[in-house]
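A short reminder: the numbers here are calculations on the coordinates, not readings from a lab. Because the structure is predicted, anything quoted here is derived from the model rather than measured. Cβ sites come from the backbone with ideal geometry, for glycine too, and all protein chains shown count toward neighbours.
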Amino acid sequence: DQQVKQNSPSLSVQEGRISILNCDYTNSMFDYFLWYKKYPAEGPTFLISISSIKDKNEDGRFTVFLNKSAKHLSLHIVPSQPGDSAVYFCAASARNTDKLIFGTGTRLQVFP
Amino acid sequence: GAGVSQSPSNKVTEKGKDVELRCDPISGHTALYWYRQSLGQGLEFLIYFQGNSAPDKSGLPSDRFSAERTGGSVSTLTIQRTQQEDSAVYLCASSLDVSESSYEQYFGPGTRLTVT
């Protein structure tokens, strides 16, 4: 039972364009959402988060959008850079628990 | 300062042997988490420590898996009688405390376990 789903295993985007990574969740108790970025042979690193009381959070080139009614969030990266090439994991948590539930990840490749 | 460290970085073991994986969290972080990532899968939660106690062991896949944490710092994950399906990257993460900021977990590089 996959509570957090990233249905696109990979995405390829040209440098300078927008990258949009999507994530869907099923548990309505989730109230905090995060995006992590992972390079090969390294642990995931925190990128950006959003609380369920918001529908948008922006940090530089990265913006996360949350649509609670659709149980959907997305990460926008603009402009995309080759260094953004990595695997991106969506994660969610409910306030009454202390663990993150991760999606299966989307591999982003940004080409020149 | 130093991040989360894990050892060994790679471990190859024969089926049926026991293995111990070690995690050194960021100094001062009271919460510690173990996850594993199997090939083609997302990160699977295993166990969580707050201090030395483990309030949530719900993710441990079987009784062959156990973990402990001593002194509120280092943690070891032990897998007894390893099976081939245990092959995965085992990731450790730590966070400051059990609060909203704890959701921002800091991960180590992982231990790649291969059971032959």
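So what is the relative contact order of chain B, in percent, for Cα pairs below 8 Å that sit 6 or more residues apart?
Numbers: 292 pairs, mean separation 42.6, N = 116.
Answer for chain B is 37 percent.
Let me check the size of chain A from its C-alpha atoms; what are the radius of gyration and Dmax in Å?
Just the Cα atoms of chain A yield Rg and Dmax of 13.4, 44 Å.
So which of A:K71/B:K15; A:K37/A:K68; B:K15/B:K57; A:K5/B:K17; A:K38/B:K57 end up more than 30 Å apart, counting from Cα to Cα?
A:K71/B:K15; A:K5/B:K17
Which value, to two decimals, describes the C-alpha radius of gyration of segment B:1-99 once divided by 2.2 N^0.38 Å?
1.04
Lys/Arg Cβ at +1, Asp/Glu Cβ at -1, dipole of chain B taken about the Cα centre: which of B:V74, B:A93, B:V19 is farthest positive-ward?
Positive-end residue among those listed: B:V19.
Kindly provide the pair-distance distribution of the protein assembly as shown built from C-alpha pairs, with 10 Å bins from 0 and whole-percent values in order of increasing distance.
Final binned percentages: 8, 33, 35, 19, 4, 0.
Calculate the length of the line joining the C-alpha centroid of segment B:28-53 to that of segment A:36-112, in whole Å.
19 Å
Under a Cβ-Cβ cut-off of 14 Å, what is the net charge of the residues other than A:N22 that fall near it, where Lys and Arg count +1 and Asp and Glu count -1?
Details: positive: A:K5, A:K71, A:R107; negative: A:D24.
My count for the surroundings of A:N22 gives +2.
How high is the relative contact order of segment A:21-73, given as a whole-number percent (alpha carbon pairs under 8 Å, six or more residues apart)?
Relative contact order here is 33 percent.
Hey, could you get me the Stokes-Einstein D for segment B:47-116, Kirkwood radius over alpha-carbon pairs, 37 °C and 0.692 mPa s, rounded to whole µm² s⁻¹?
246 µm²/s
Using the per-residue mean of other Cβ atoms lying within 10 Å as a proxy for protection, in what order, highest first, do the peptides A:104-111, A:29-36 fall? Write down the numbers at each step before the final one.
On the way: A:104-111: 18.5, A:29-36: 20.5.
Ranking the peptides A:104-111, A:29-36 by packing returns A:29-36, A:104-111.
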